[in-house]
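Contents: one structure, followed by commentary.
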Amino acid sequence: MILGGVRQVAMPWRTGGLLLAVLVIVALPYMITRGSSKESFQAGERVTRSAEVQALVYRIADRTHYAESAIQHLLADDPSSRAEAVASGVENEIPGLLDELRHITADSAGQEHLVEQLGAVENGRLALLHQAVQRFQHNDRAGAEQALRDADALFHVDVIADKIVADAEQTLQLRREAARKQSDNSSLVLALTAAAQLLMLTIVVIVSERQIGRRLQAEVRERQAVQRSQMILQAVREPIALLDHNLRSLLVNAAFSELYGVSEESRTEYLEDIGQGAWADEVLLQRLRDVLLRDRELWDFELTQRTVDGVERHVVINARRLQQQDSDSPVLLLTVSDVTARALVEQQVKELNHQLENKVAQISDVNRELEAFSYSVSHDLRAPLRHITAFAQKLEDHLGEQVDQTSRHYLGVVRDASHRMAQLIEDLLVFSRLGRGALRLQAVDMQALVSETCTLAESEAPGRRIVWRVDPLPTVVGDENMLRTVWQNLIGNAVKYTGQREIAHIDVSVRQDDGSDYEFTVADDGAGFDMRYVDKLFGVFQRLHKASEFPGNGIGLANVRRIVMRHGGRVWAEGEPERGARFHFTLSAIEPPSPST
């Protein structure tokens, strides 16, 4: 289709080029030859005019002398001379000859000036000749002879005529030379025109041969493209069919033939007769007719078919109308996708979803039970502990001075145990809430949180000498209260486990490699721990040191792990006994939204 479009676009240009070449080959020589002929004719005409000038000048001078000769014969008493008639005729003839001479010398200013002089001389001489005739008629022979002598002495016609003839001769030579040059130029132009014609014909032949070669190559490529398209169509495992406007098959691929049993003899039968009634669905047929008539596309039409192999298949049908270039009738492209396996998978997914919903319901019941248990722990267990503490104190006050040292010690152990039990219950409730509460995501300034936590930790350890090194920390997206809990636990542990150092060193740093997540680290030079027990660090109530050495209940790091995991990060630790510990956790490096948005 694209190739055909290219040919259609190229044809007008090629035709226009050929027409232009023909026009140049035919019209240009004609125009040049016509121009050369015209110029040659004009050059010849100018040469002829120069000769005519000479002839007219000679004729004017001759007629003037003829009139003078006739008058002289008249004065010599020669009655046969007819002097009066001759003089009168010359008088009438000379002005016409002068006008003709002026006309043919109008293209030469020099000749035109000489002609005017000749006209003046002729007019004066003819006037004296006329005067001589009149005086003779009045029997004034002496006056007539004097008039003739005055005409010859005053008006030198031959001198002016010779000048005009000489100028005409010179002009004639120049015009003959110009005519010769014009003839040479015309010959050169004709030779160049012939060469241009030959060149244009050669170009036309070469271009035509090249175009023919390109067209043959394009036809070969088009046939190869059609063959490749046929190979691809037949190799595709998805059934494809091309139907005419009556839903009769024009072309089917191998997958369609194999699935619906289309043979070579039945390739032109109607769609509803193909595949032993597999396509005899009136709704589908009507939808396909709508595609052809109204140019609508059919997308993902699901149908259950029983194919020629007796298997019931779930298929998805797509169809669209195509317009043929060589015909006004549209065709229908039909594709079939076998989704039987997908339908089975979807059924299994539905069953698994149903099972998952049941599991979710069970988990919801367990969560409600846990919430009830937490409520019970929060209210039902705290009251007895408060009673134990209160009555232990009352018992000690009631005995007063009668309490010996042992009893006082026992009562103190009871109060301390109840206080510790209450703190454990409070920590368990906090741990439980961390797993259930919703995250309130916002932009969190980690630098501000760490500064706040360090200040709080120093205030709770009066008299301690702590050297802090805190790197510039970024702003992240997270739950501010939960991340504050993370820093409080990690920095609080660093302060606590460096308690036996005279000068404690605590470092807070961050790094990011190639745009990955932020990795925060809290390092100290305190008691450290044995890496063999690192898996116990983040468990609930897991401790690697005695309570007498370092106080605590072993739930802080468990809270840290749960908070970091809820933020999509991870947490781990490294340490050596008496060489300090390093706690790491990661958070996403997503940029927080700007305040304007």
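What's the center-to-center distance, using Cα atoms, between the range 228-305 and the range 92-116 in Å?
99 Å
Given an 8 Å cut-off on Cα distances and at least 6 residues of separation, report the relative contact order of the range 266-309 as a percent. Before the final figure, lay out each step's value.
Values: 22 pairs, mean separation 15.8, N = 44.
Relative contact order, the range 266-309: 36 percent.
Using the reciprocal of the averaged 1/r over all distinct C-alpha pairs, how large is the Kirkwood radius of the range 194-234 in Å?
Numbers: mean 1/r = 0.0815 Å⁻¹.
One decimal place: 12.3 Å for the Kirkwood radius.
Each reported figure results from applying straightforward, stated rules to the coordinates on display, with no laboratory input. Source: prediction; values computed, not measured.
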